[in-house]
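Each remark here refers to the structure printed beneath this line.
FYI, it's all coordinate maths here, none of it is from the lab. Predicted model, so just to flag it, every value in this text is computed and none were measured. Quick reminder, even Gly has a Cβ in these numbers, built from the backbone with ideal geometry, and neighbours come from all protein chains shown.
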Amino acid sequence: MDNASDPVEITCEFLQKHMERAAYCTSATLSGDDFREILKLATRRKTFAVLGLHHLLQMRDRDEVTLLGHELRSLLVLASKAHPRERRRKFRVALPVRGGGKLRNG
């Protein structure tokens, strides 16, 4: 789809807010711009192909997109996991506490 180096236009907070709203919806309508940004992130995850969401790629040129609740929730979860800020969190290294990390026998 789009180049992975494209700047991300949506925030983690935006995704979180929409996930909370989508938790129980049966369908939802998004602006074409929001949909494209969410889709751009979601397609970066390998899981996108497994979930069978390829038909959503055909909707990316629309001005407005109506999705089923499970489609929207899946896209939002994938997008949040692919968001650059979320990916940076995975690589934080926990440093051992000085003197407290040794195990003793006995």
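Ranking of ASP63, ASP34 by neighbouring Cβ atoms within 10 Å, starting from the fewest: ASP63, ASP34.
The length gained on full extension between GLN16 and ARG45, counted as 0.36 nm times the residue separation minus their Cα-Cα distance, comes to 8.7 nm.
For ILE38, ILE10, the sequence from fewest to most other C-beta atoms within 10 Å is ILE10, ILE38.
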